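**Student:** A single structure is presented below for examination.
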Amino acid sequence: QQQVRQSPQSLTVWEGETAILNCSYEDSTFNYFPWYQQFPGEGPALLISIRSVSDKKEDGRFTIFFNKREKKLSLHITDSQPGDSATYFCAASSNNRIFFGDGTQLVVKP
Amino acid sequence: AQTIHQWPVAEIKAVGSPLSLGCTIKGKSSPNLYWYWQATGGTLQQLFYSITVGQVESVVQLNLSASRPKDDQFILSTEKLLLSHSGFYLCASIRDRAYEQYFGPGTRLTVL
């Protein structure tokens, strides 16, 4: 059973629009949810994260909205830029375990 | 700041040949270290993790093994490569906050 699911698999937006990337998880014991950004040929880099005690985390143009009851979260990228084009991984963690979703490939067109 | 170095950058190997990939980390003592495998366009699959020298826990086998010979070194290896081993191998550590994975630049492996 896949622990973390992401949708859509791929997303294309125009420069300046808001991109919304969705994520859901299975295990209610997960208490930490990081998002990673990966450019082709590079290792993923931590972008932003949220703990299960919060419902929102904002960092510049990136915002996580978290719904513990529904076990869902989303990453909003406002004023999307072509440089944001990358694959975004949602992850869920508790204790010493971490599980990654399959990723959303974002393309921002100028 | 901690830095992760992986070697080689890329490798092309024949099916059935042996493999050894390396990872070293600087700037952090007694780090937790992880090996991940990523198929092209795929998700990150955690393979092994190590909390201390000489101790390695397997998460998914995939006919690979790992060793932690030094505090700052993590090695991934196999005696016989399979076609399915092709992909991107990433070494990772944890940053100051628990569960914030910090990834190395990766090794691209192609098995022919």
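**Student:** List every residue whose amide H lies under 5 Å from the amide H of residue B:86, counting only residues 5 or more places away in sequence or on a different chain, with H placed 1.01 Å from N in the peptide plane.
**Tutor:** When sequence neighbours closer than 5 places are left aside, the close amide H contacts are B:111.
**Student:** For the cross-link pairs A:57/B:28; B:26/B:80; A:109/B:26, which exceed 32 Å when the distance is taken from alpha carbon to alpha carbon?
**Tutor:** A:109/B:26
**Student:** Let me ask something additional. Out of every Cα-Cα pair in the protein assembly as shown, what percent are more than 24 Å apart?
**Tutor:** Percentage above 24 Å: 45.
**Student:** Are there trypsin sites (Lys or Arg not before Pro) in region A:65-110 that DSSP marks as loop and that have at most 12 other Cβ atoms within 10 Å, and which are they?
**Tutor:** Sparse-neighbourhood loop trypsin sites (Lys or Arg not before Pro): A:69.
**Student:** Also, I was wondering about something else. Rg to Rh ratio, chain B, alpha-carbon atoms and Kirkwood radius?
**Tutor:** For chain B, the value is 0.95.
**Student:** Assign unit charges at the C-beta atoms only (+1 for Lys and Arg, -1 for Asp and Glu), then state the dipole size of the protein assembly as shown relative to its Cα centre in Debye, rounded to the nearest 20.
**Tutor:** Around 320 debye, computed over the protein assembly as shown.
**Student:** At q = 0.14 Å⁻¹, what base-10 log of I(q)/I(0) does the Debye formula yield for region B:55-112 when every alpha carbon is treated as an equal point scatterer in vacuo?
**Tutor:** With no solvent term, the Cα-only Debye profile gives -0.47.
**Student:** Among the aspartates and glutamates, which have Cα under 13 Å from the Cα of residue A:71 when same-chain residues fewer than 8 positions away are ignored?
**Tutor:** Correct list for residue A:71: A:26, A:27, A:55.
**Student:** Whole angstrom only: what separates the Cα centroid of region A:71-87 from the Cα centroid of region A:1-56?
**Tutor:** 8
**Student:** Taking all pairs of different Cα atoms in chain A, averaging 1/r and flipping that mean, what Kirkwood radius in angstroms comes out?
**Tutor:** 13.9
Bear in mind that the values in this text are calculations on the coordinates, not laboratory data. Predicted model only: the values in this text are computed from it and were never measured. Positions of Cβ are backbone-derived with ideal geometry, glycine not excepted, and every protein chain shown enters the neighbour counts.
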